[in-house]
Amino acid sequence: MILETIHSPEDVKALPQDQLPQLCEELRQFLVENVSRTGGHLASNLGAVELTVAIHRVFDTSRDRLVFDVGHQCYVHKALTGRQSLFSTLRQLDGLSGFPKPKESVHDAFIAGHASNSVSVALGMARARTLQSKDYQVLALIGDGALTGGLAYEGLNNAGASGEPLIVILNDNGMSINANVGGMNAHLADLRSKPAYYHFKKWYRSLFGRHPMENRLYRFNHQIKTFLKKTLWPGSTLFEDMGFTYLGPVDGHDLPRLCDVLTWARELQGPVVVHVNTVKGKGYAPAEKDPGRFHGVAPFDPETGLLRHPGGETFSGMFGKALCTCASQDKRVCAITAAMAGGTGLSPFAAQFPQRFFDVAIAEGHGVSMAAGMAKEGLIPVFAVYSTFLQRGYDQLIHDVALQKLHVVLGVDRAGLVGSDGETHHGCFDVQYLSGIPGFTVLCPSDFVELRHMLRRALFEIQGPVAVRYPRGGEGAFQADTSSRGAVCLREGGDITLLTYGILVNEALGAAEELGKAGIRAGVWKLNQIAPLPLEELSPLRTAKVPLMVIEDCFRSGCLGEQLAAWLAETGQEGRRVILKNLDETFAGEGSVAELEHRFGLDASGIAASVREALRGEQ
């Protein structure tokens, strides 16, 4: 096999042209075989095979800077840069990351995981190159809907005007996770329909030689070309009006053409957009048929495309069902997603209430502001969004929602540790950034029954902005509706008190059970509302004399434990020992949620061990 002989990009460059199609075929087989075992982002990588091979034929990523946007199309890049043998550990604990990581390889220029920042980062690198008189190429590879994010346009606007040699490769497959929406999608579709413009430009440049800007005839005829272009292909001027040379659209699966165009882009020595048209899921029939399902997929049977271990009901799915029930009872209820209808459980809502469902694409800040406008005019907007992506809307949460106390409801999905996507996707900041905004109510269900009841409260009972935060996956063993109270004692204990919220209550109860067998009486308190803190209901904790351990899957700074310690100190309990059990200041990597909880001591055995250690210190 050819792929087995590829240990670095130099091996890719050394391959004869006629062996490249076989290499691409083997890469697709390699992807399907490996991702079917570990799970991961499949469809986006299948669509980028020829494009990635072409990049490594034309550029040297050990020196040139290749900046991925989002990064879930980087598997082929990793396979071609010496990491094939690590794919059995893809997205596993201490294994190969599913996203670019500079600590993994010199070929990974910048970390990726969130959308729309690649052009800005690449421009920063290009400016640094110029200021330091260095010699390397800078490329930003953007696609899968990232161009719908506002930050992409901030970067494009500045990069086009900069004059810096910079290549933006637009991998246009018409998709993000779900199908792309919005005006930019329509614009790109129009460009895709007119490849004659690319042929015209290539012919025009070849007519005037290798360095056309030095040719007076070129400068004279440039005005004629611009007139013809705007007359015949008016839809193609957006990037050029920003200051870019636009090349494309190019067939993203035509490897020789891709190499030619990328070489041309490198020679132009200015801001260039290369528009590449690819097919998401290319070469694997199930992924081509349903690229959304195979965007991020659990382990599956490569022969049939069916999941090896189909999952059960999830908090996301239950949230979507509960929202449909509420929407059927009140026509003011609307749903908003940022290109994640399936992931956030909103697909049934979209089908049942299409007029009240809005996909804003990868634009969380816009989603929050739009929700604010809807709430101001009397609707009840519900924005279902992953915790880690809601970070992009932080300013809007304060300026557009909180300042006017608008009744916007957030379904904060994937809160806490989320598993194999790693550092960029864990929802470990929303506790701090939501509870720190005045006027926000934040609810934390521990099971599906509580989720349904808390959503109803958020929609119809609580005034002002409300967030209901819940984890990835399903519920645990704890199933008892305590949602009507802000805080509740689940278990009495005279040696130590464990306090937590969300599904970590399962681990706290498990730890109390384990400790009880050793004669240690651990009480367990559960918070259903973490902002504003239900201090009156927590008042029994003020008079208790035993240590208080606060268990959270977020970072230490600004966590709930710090807030409770401050409250106890303010109320004359400054001598009370408060033990913070959380991630401290460590970004969690890849691994299952169970593995990561164990690593950070947040599972039942880890909590019990910490309790025993703490009580030894009390003696």
Asp413, sole failed condition from (1) more than 15 Å from the chain's Cα centre (by Cα); (2) under 18 Å from Ala458 (Cα atoms) = (1)
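Table: residues versus (1) over 25 Å from Gln396 (Cα atoms); (2) touching a His at 6+ places or on another chain (Cβ under 6 Å).
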residue	(1), (2)
Tyr284	yes, no
Leu307	yes, no
Lys321	yes, no
Ala341	no, no
Val360	no, yes
Residues located in segment 125-150, provided they are modelled with pLDDT of 95 or more and under 22 Å from the mean Cα position of the chain (by Cα) | Leu139, Ala140, Leu141, Ile142
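Of all helices (runs of 4 or more DSSP H) completely enclosed by segment 238-330, which ones contain at least 1 residues that are touching a residue at least 24 places away in the same chain (Cβ under 8 Å) and polar (S, T, N, Q)? Break it down stepwise before answering.
Working: elements: 238-241, 255-268, 285-289, 315-329.
The helices (runs of 4 or more DSSP H) meeting that bar are 255-268, 315-329.
Filter segment 579-619 for residues that are among the charged types (D, E, K, R), touching a residue at least 60 places away in the same chain (Cβ under 8 Å) and touching a helix residue (DSSP H, G or I) at 6+ places or on another chain (Cβ under 9 Å); which is surrounded by the most Cβ atoms within 10 Å (Cβ to Cβ)? Walk me through it before giving the result.
Step one: of segment 579-619, the residues among the charged types (D, E, K, R) are 581, 584-585, 590, 595, 597, 599, 603, 612-613, 616, 618.
Imposing the further condition that a residue be touching a residue at least 60 places away in the same chain (Cβ under 8 Å) reduces the set to 590, 595, 597, 599, 603, 612, 618.
Checking the rest, the ones that are also touching a helix residue (DSSP H, G or I) at 6+ places or on another chain (Cβ under 9 Å) come to 590, 597, 599, 603, 612.
Values: Glu590: 24, Glu597: 22, Arg599: 18, Asp603: 21, Arg612: 15.
Among those residues, the one meeting the criterion is Glu590.
What number of residues in segment 415-457 are among the hydroxyl-bearing types (Ser, Thr, Tyr), within 15 Å of Arg485 (Cα to Cα) and touching a strand residue (DSSP E or B) at 6+ places or on another chain (Cβ under 6 Å)? Don't jump to the end; show me each part of the working.
Quick first cut of segment 415-457, residues among the hydroxyl-bearing types (Ser, Thr, Tyr) only: 420, 424, 433, 435, 441, 446.
The next check asks that each one be within 15 Å of Arg485 (Cα to Cα); those that pass are 441, 446.
Among the residues that remain, those that are also touching a strand residue (DSSP E or B) at 6+ places or on another chain (Cβ under 6 Å) are: 441.
Of the residues in that region, 1 qualify.
Sort out which residues of segment 12-37 are closer than 17 Å to Tyr75 by Cα, among the acidic types (Asp, Glu) and over 28 Å from the mean Cα position of the chain (by Cα), and write them in order of number.
Glu25, Glu26
Would a scan of segment 307-317 turn up a residue that is buried (at least 16 other Cβ atoms within 10 Å of the Cβ) and of a type in the set (S, T, N, Q)? Even if it seems obvious, please write down each step before you answer.
The initial filter retains those residues of segment 307-317 that are buried (at least 16 other Cβ atoms within 10 Å of the Cβ), namely 314-317.
Of the ones still in play, those that are also of a type in the set (S, T, N, Q) are 314, 316.
Taking every residue of segment 307-317 in turn, at least one turns out to be buried (at least 16 other Cβ atoms within 10 Å of the Cβ) and of a type in the set (S, T, N, Q).
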Have a look at Thr497, Thr543 and point out the one that is modelled with pLDDT under 95 and polar (S, T, N, Q).
-> Thr543
Asn157 modelled with pLDDT of 90 or more, in a strand (DSSP E or B) and either out of contact with any Ser or Thr (no Cβ under 8 Å at 6 or more places or on another chain) or not aromatic (Phe, Trp, Tyr) (or both) = no
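What about Asp108, is it part of a loop (DSSP other than H, G, I, E, B), of a type outside the set (Lys, Arg), in contact with a strand residue (DSSP E or B) (Cβ under 9 Å, 6 or more places away or on another chain) and on the phi < 0 side of the Ramachandran plot? Break it down into steps so the answer makes sense when it comes.
Working: part of a loop (DSSP other than H, G, I, E, B): yes; of a type outside the set (Lys, Arg): yes; in contact with a strand residue (DSSP E or B) (Cβ under 9 Å, 6 or more places away or on another chain): yes; on the phi < 0 side of the Ramachandran plot: yes.
Judged against the criteria, Asp108 is a match.
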Can you name the condition, by its number, that His399 falls short on among (1) touching a Leu at 6+ places or on another chain (Cβ under 9 Å); (2) assigned to a helix (DSSP H, G or I)?
-> (1)
Selection from segment 367-406 of residues buried (at least 20 other Cβ atoms within 10 Å of the Cβ), touching a residue at least 60 places away in the same chain (Cβ under 8 Å) and over 24 Å from Arg472 (Cα atoms) yields Ile380, Val401
How many residues of segment 32-48 are under 22 Å from Pro310 (Cβ atoms) and free of Cβ contacts under 8 Å to residues at least 60 places away in the same chain? The answer is 1
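Answer with yes or no whether Arg83 is at pLDDT 95 or above, over 26 Å from His366 (Cβ atoms) and within 21 Å of the chain's Cα centre (by Cα). Walk me through how you get there before you give the answer.
Details: at pLDDT 95 or above: yes; over 26 Å from His366 (Cβ atoms): yes; within 21 Å of the chain's Cα centre (by Cα): no.
Here the answer is no, as Arg83 does not meet what is asked.
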Filter result (touching a Leu at 6+ places or on another chain (Cβ under 7 Å) and under 24 Å from Gly149 (Cα atoms)) within segment 315-348 | Cys334, Ala335, Thr337
Among residues of segment 53-75 being among the hydroxyl-bearing types (Ser, Thr, Tyr) and farther than 16 Å from Arg28 by Cβ, the residue surrounded by the fewest Cβ atoms within 10 Å (Cβ to Cβ) is Ser62
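For every residue, the table says whether it meets (1) within 19 Å of His56 (Cβ to Cβ); (2) hydroxyl-bearing (Ser, Thr, Tyr); (3) in contact with a Lys or Arg (Cβ under 6 Å, 6 or more places away or on another chain); (4) surrounded by 24 or more Cβ atoms within 10 Å (Cβ to Cβ).
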position	(1), (2), (3), (4)
Tyr136	yes, yes, yes, no
Ile142	yes, no, no, yes
Ala159	no, no, no, yes
Ser162	no, yes, no, no
Pro165	no, no, no, no
Val168	yes, no, no, yes
Asp172	no, no, no, yes
Out of all the residues in segment 511-547, which are among the small types (Gly, Ala, Ser), out of contact with any helix residue (DSSP H, G or I) (no Cβ under 6 Å at 6 or more places or on another chain) and under 30 Å from His453 (Cα atoms)?
-> Ala512, Gly523, Ser539
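Rundown of residues vs (1) hydrophobic (A, V, I, L, M, F, W, C); (2) touching a Ser or Thr at 6+ places or on another chain (Cβ under 8 Å), yes/no style:
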position: Pro310; (1), (2): no, no
position: Lys321; (1), (2): no, no
position: Ala327; (1), (2): yes, no
position: Asp330; (1), (2): no, no
position: Val333; (1), (2): yes, no
position: Leu346; (1), (2): yes, yes
position: Ala351; (1), (2): yes, no
position: Ala361; (1), (2): yes, yes
Whichever residue in segment 545-578 is crowded, with 16+ Cβ neighbours inside 10 Å and of a type in the set (Gly, Ala, Ser) and, among such residues, is nearest to Ala487 (Cα to Cα) = Gly561
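Please go through segment 564-578 and give me each residue that is free of Cβ contacts under 8 Å to residues at least 60 places away in the same chain and assigned to a helix (DSSP H, G or I), ordered by number.
From segment 564-578, those free of Cβ contacts under 8 Å to residues at least 60 places away in the same chain are 565-578; that's our starting set.
Hits for segment 564-578 are Ala565, Ala566, Trp567, Leu568, Ala569, Glu570.
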Helices (runs of 4 or more DSSP H) within segment 1-73 that include 2 or more residues at pLDDT 95 or above, on the phi > 0 side of the Ramachandran plot and in the same structural domain as Val119 (by TED's automatic domain parsing) | none
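The values are calculated or read from the model by the stated rules, or taken from the named source; none is laboratory data. What you see is a predicted model, and the numbers here were worked out from it, not measured in a lab. Positions of Cβ are backbone-derived with ideal geometry, glycine not excepted, and every protein chain shown enters the neighbour counts.
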